[in-house]
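What follows is a set of notes on a single structure, which appears directly below.
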Amino acid sequence: MLDFNLSPELLDLRQKAREFARNELLPIAWQYDQRDEYPRDIIAKADAAGLANVGIPKEHGGMGYGYLEGVILTEEFAAACPGLATSLFDNSLGMEPLILCANASLKTKYLSRILNEGKHIAFATSEPTMGSDVAGMRCTAKRDGEGYILNGTKYWVTNGGVADYISIFATVDPEKAHEGICAFVVEKAWDGVRAGRPIPKLGQRTSNTTAINLKNVRVPEENMMASPGEGFVLAMQTFARTRAAIGAFAVGTARSAMEFAIDYTKKRRAFGSKIGNFQAIQFKIAEMYQKIETSRLLVWKAAWEADKGLDPNISASVAKMYATEAAFEVVDEALQIMGGYGYTRFFPAEKLLRDARLFRVYEGTSEIQRIILAGHAMNSYQPVMPPLENLALENLSDRSGTATDEPGGAAWRCRICGYVHLGEEKPEECPYCFFPSEAFKKVDVAQTFDKKKE
Ligand SMILES: Cc1cc2nc3c(=O)[nH]c(=O)nc-3n(C[C@H](O)[C@H](O)[C@H](O)COP(=O)(O)OP(=O)(O)OC[C@H]3O[C@@H](n4cnc5c(N)ncnc54)[C@H](O)[C@@H]3O)c2cc1C
């Protein structure tokens, strides 16, 4: 049974998030963006409002919200400021491998600190020399007595400068590729851990992004989330659950861009009319609306699958790829509708455009989503239609030019052009493409006729 209605509880949660986004995030977004600064207290405010860290399981004292709640909150935050939404969501990203891992005492220790002491946790797979190729990481974890020694640099760590803990992925041996990867919770305060300067960015400037350098950092065994070989799987399981949220960022951002654009079309005049009266402008709005609705459904589906305990990997890739690409198109059209003013910093489209551009890069680029989806569609997806060569038999009488209702007998199909020849012997050459008899493959006519009868 399928139901697209949000429950009264979800509607309340969405309303609460909407009010928080309008009252707390929107008023500060542009000034922090211009200053290239992250408002440090924003997570604490969201936390106090019951809108952050919502995914901490109930057995660890949290609210135990699902992924659907997460994407609903995220859409609202991103509608006010995509950068602040990234900052708020980052705790969920940093926590996800901890929640998914099997180390119960580690969860108890750190989830309760995040919940009760307002601690921040970041997530780090990427490095200066790799991002997409997670198995190619070089940050090393060497066994040393009861623990591990970490060396290397993680890059692009969202909240790297403000987080108290980091979910660090490292390798016991770079030569082992994905089989060498393990994961740890590392405390920023430990000896040898340093955060770099905030990386200056095109957009999402209200989020903090830094490197994390690890120099002979001693990590006790009890801080291990995934042992060597399991870390890669843990990272992929994390992305499969968090990519829907990137889609939700895109939905919220696109929604605001569309709303601002609609507002503008009702006020701006050209050629003696409000521009909203021009059908060319109305069609742009229609396309924006269609893309936003489609994106939201895909995001909700991926989140729903994760909540149901299904593998959300493919749906999350579809949602992330579609929604993030659609959002950029929507924001770009919103800017176009605002004409020259859209290109200025007095109007919101330029910030949304800069912010939205990141969605296609982090948590797996659009190219990586295409690799995942192509792999699935071409190797794992179960087709409903018969293979092409059998399809030719379904239309046997038309294709052969020798109409027959009789089952049985031999038939030969030209592998090149698809022509089907009826008869015990294959022809010397194909009468259509002139390939010689070797191009013909015997096909089972009886089986096809039997299937047709079923
Ligand atoms: C603002 C920001 C915040 C981030 N936050 C985090 C974070 O919190 N934690 C974290 O771990 N990482 C984070 N990242 C890193 C992000 O996930 C990576 O930037 C992203 O995965 C791409 O990696 P890369 O930049 O190394 O590009 P590369 O992997 O070097 O790729 C470069 C280009 O080549 C393409 N490409 C790569 N391989 C293939 C292939 N096989 N086929 C076709 N095309 C390919 C890519 O799609 C891309 O277009 C963040 C990045 C940014 C910009």
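The values are calculated or read from the model by the stated rules, or taken from the named source; none is laboratory data. Every value quoted in this text rests on a predicted model; they were computed, and no experiment measured them. Positions of Cβ are generated from backbone atoms using ideal geometry, with glycine treated the same way; all protein chains shown enter the neighbour counts. Each accessible area value is taken on the protein alone, full model and side chains, heavy atoms only, with ligands, DNA and RNA left out. Shrake-Rupley method; radii C 1.70, N 1.55, O 1.52, S 1.80 Å.
So the values come out like this:
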read-out	value
The chain, accessible surface, carbon-and-sulfur percent (1.4 angstrom probe)	53
Probe 1.4 Å, protein heavy atoms only - accessible area per residue of region 190-237 in square angstrom	49
DSSP-assigned coil residues among trypsin sites (Lys or Arg not before Pro) in region 303-351, each with at most 13 further Cβ atoms within 10 Å	Lys308, Arg345
Within straight-line cross-link reach of Lys154, aspartates and glutamates at Cα separation under 20 Å, skipping those fewer than 8 residues along the same chain	Asp90, Glu96, Glu127, Asp133, Asp164, Asp173, Glu175, Glu179, Glu187, Asp191, Glu230, Glu363
Label point distance in nm, Thr344-Gln15, each placed 7 Å from Cα along Cα→Cβ	3.8
In Hz, Karplus ³J(HN,Hα) per residue of region 186-193 (6.51, -1.76, 1.60; θ = phi - 60°; x = Gly, Pro)	10, 8, 4, 6, 5, 4, x, 9
For Asp191, solvent-accessible area (1.4 Å; no DNA, RNA or ligand), Å²	130
His178, His60, ranked by accessible area, largest first (probe 1.4 Å)	His178, His60
Spacing of the two label points (7 Å from each Cα toward its C-beta) at Leu6 and Phe271, in nm	3.9
Segment Cys433-Cys417, length gained on full extension (0.36 nm per residue, minus Cα span)	5.1 nm
Phe4 accessible area, 1.4 Å probe, all protein chains in place, Å² to nearest 10	130
Lysine pairs in region 15-132 with Cα atoms under 17 Å, if 8 or more residues apart or on separate chains	6
Trp304 accessible area, assembled protein chains, probe 1.4 Å, Å²	110
Contact order relative to length of region 146-234, as percent, for alpha carbon pairs under 8 angstrom and 6 or more apart	43
Region 376-388 - phi-based ³J(HN,Hα) in whole Hz, Karplus 6.51/-1.76/1.60, Gly and Pro as x	5, 4, 8, 10, 9, 4, 8, x, 8, 6, x, x, 3
Debye-sum result for region 155-284 in log10 I(q)/I(0), which assumes one identical scatterer on each alpha carbon, at q = 0.12, 0.18 Å⁻¹	-0.66, -1.09
Taking region 290-330 and dividing mean pair separation by its residue count, relative contact order in percent (alpha carbons under 8 Å, at least six apart)	53
Karplus (6.51, -1.76, 1.60) ³J(HN,Hα), θ = phi - 60°, over region 102-111, in Hz, Gly and Pro reported as x	9, 7, 4, 5, 5, 4, 4, 5, 8, 5
The chain, helix-only ellipticity at 222 nm - DSSP H runs n ≥ 4, -39,500 (n - 2.57), divided by all residues, nearest 500	-15000 deg cm²/dmol
At q = 0.11 Å⁻¹, base-10 log of I(q)/I(0) for the chain (Debye sum, equal scatterers on each alpha carbon)	-0.86
Estimated inter-spin distance, Val233 and Ala44, nm [label 7 Å along Cα→Cβ]	4.1
Proximal aspartates and glutamates relative to Lys301, as straight alpha-carbon distance under 18 Å, when same-chain residues fewer than 8 apart are discounted	Asp3, Glu69, Glu75, Glu76, Glu293, Asp311, Glu325
Extension gain (nm, one decimal) between Phe283 and Asp144, 0.36 nm per residue minus Cα-Cα	43.7 nm
Accessible heavy-atom area order of Glu24, Glu367, Glu425, highest first, probe of 1.4 Å	Glu425, Glu367, Glu24
Under-5 Å amide H pairs with Gly364, H placed in peptide plane, nonlocal only	none
Relative contact order for the chain, counting Cα pairs under 8 Å that sit 6 or more residues apart, in percent	13
Mean accessible surface per residue for region 15-123, computed with a 1.4 Å probe while every protein chain stays in place, in Å²	38
